[in-house]
Amino acid sequence: MKKIAVIGGGAAGLTAAVYALRANSEVVLFEQFGLGGLVANIDKIENFPSYQSVEGWRLANDMANQAKKLGLEVVRQRVLSLTKNDDGFVIKTDKDEYVFPGVVVSTGTAHNKLGIEDAYVGKGVSYCATCDGNFYKGQPVAVVGGGNQAVREALYLSDICNEVYLFVPSSHLNAEEINVRALESKQNVKIVFDSSVAKIYGEEFVSGVSVFCGGETFDYAVNGVFVAIGALPVSDFIQIDGLNKEKGYLVVGAKCETSVKGLFAAGDVTQGSLKQIVTACADGAKAGSFAAAYAAMVTKNK
């Protein structure tokens, strides 16, 4: 039986695993944390086909259970590097080393940081409202960002916290209009445009932020700061010559194969402009199918 590796256990990785398993491949998925990726941290998903509304954790759990039922093997280790030699693709983790004829990379993205929050991460600073929002029930909080992620975070927090400040670095919100309208209707949300969080302060835990806006600096008393300013692709661990990237994103073709033969990629780590769960699944279906076919060909020729 041919064998492939999937690195990353989000929507793209789990879908790749399902399609490869159904193609009679043996699939080993590497995921340091819980299966489901960012999907599991979304409160409600309302744009995934067949669901009017579904909790992120539930959708992620269903995807994981489907793959496991087909025989998915999960290795809960941190991948340190991916290289290539005459034997195939070499995956080095914090515990072991593995070799596979084909690999699907579905590592997604990692949160961007403000650069001023490190001392307060876990002490008032968070990158996930659905993960940590309940810690601030009935308290004032801030969200930093102006895109879809920031608007969703602020919407979620508006149902939990007594005050939500959304500090937007530009003059407008770059998010889905339906969510923008919903946010603007919230009485406990204040949107501050053209603003920059200059300082996060507090003795041990966050007690406020200093915000530069309109040529002046203002202090806001908040107990939590949720940073939602986008993300960068997780691809630095790949150490293979000839790999084509665009600003860190892996460039793939119609079959989700990279410029390196046998190396496929799916989801948010690729150069695709639309970063959605449904597109991650579509990528995963292609990557898993073609990676399985490639592994079968390599195995047969050996």
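Farthest toward the positive end of the dipole of the chain, out of S195, S25, L274, is the Cα of S25, where the dipole comes from beta carbon charges about the Cα centre.
Model label sites at E203 and N47, defined 7 Å from Cα along the beta-carbon direction, differ in position by 4.4 nm.
Considering only Cα atoms, the convex hull volume of the chain works out to 138 Å³ per residue. Estimated at the nearest 10 Å², the accessible area of V251 is 30 Å² with a 1.4 Å probe.
Between the Cα long axis of helix 148-158 and the first principal axis of the chain there is an angle of about 50°, rounded to the nearest 10. Measuring from a point 7 Å past the Cα of D159 along Cα-to-C-beta, which residues in segment 56-81 have an amide N at less than 18 Å? Only 56-60 pass the distance filter. Output the 0 to 90 degree angle, nearest 10, between the alpha-carbon long axis of helix 11-22 and the longest principal axis computed from the alpha carbons of the chain. Compared with the principal axis, the helix lies near 20 degrees.
Placing dummy labels 7 Å off each Cα toward the beta-carbon, the span from S196 to E55 is 4.1 nm. The residues of the chain expose, per residue, 49 Å² of accessible area to a 1.4 Å probe.
Pairwise Cα distances in segment 17-104 exceed 16 Å for 62 percent of all pairs.
For every other residue with a beta carbon closer than 11 angstrom to the beta carbon of S235, add +1 if it is Lys or Arg and -1 if Asp or Glu, then tell me the sum. Surrounding charge for S235 is -1. Across I238, I178, I200, mean-square fluctuation computed from a Gaussian network of the chain (C-alpha pairs under 10 Å connected) peaks at I178. Taking Cβ atoms as reference points and 11 Å as the exclusive limit, the residues near V252 contribute a net charge of 0, counting Lys and Arg as +1 and Asp and Glu as -1.
Left without a cysteine partner by the 4.7 Å Cβ rule in the chain: C161, C213, C256, C281. Restricting the chymotrypsin sites (Phe, Trp or Tyr not before Pro) of segment 8-51 to loop positions (DSSP other than H, G, I, E, B) with no more than 13 neighbouring Cβ atoms within 10 Å leaves F33, Y51. Protein heavy-atom surface of segment 135-239, 1.4 angstrom probe: 49% of the accessible area is carbon and sulfur, with nucleic acids and ligands not counted.
Spacing of the modelled spin labels on Q32 and S273, each 7 Å from Cα toward Cβ, amounts to 3.3 nm. Straight-line cross-link partners of K123 among the lysines, defined as a Cα under 22 Å from its Cα and at least 8 positions apart when in the same chain: K113, K137, K199. The local environment of I42, defined by Cβ-Cβ distances under 13 Å, has a net charge of 0 under the rule Lys, Arg +1 and Asp, Glu -1. Look at the Cα gyration tensor of segment 1-64: its axes a ≥ b ≥ c give a/c of at least 1.5 with a/b at or below b/c, and that counts as oblate. Taking only the C-alpha atoms of segment 218-284, Rg followed by Dmax gives 16.2, 54 Å. Normalised by 2.2 N^0.38 Å, where N is the number of residues, the C-alpha radius of gyration of segment 174-250 stands at 1.62.
With Cα atoms as the point set, the radius of gyration and Dmax of segment 55-147 evaluate to 18.9, 59 Å.
The values are calculated or read from the model by the stated rules, or taken from the named source; none is laboratory data. Treat the numbers as computed from the prediction; the structure is a model and nothing was measured. FYI the Cβ positions are ideal-geometry reconstructions off the backbone, even for glycines, and counts take in every protein chain you see. Accessible surface is based on the protein model in full, side chains and every heavy atom, while ligands, DNA and RNA are left aside. Shrake-Rupley method; radii C 1.70, N 1.55, O 1.52, S 1.80 Å.
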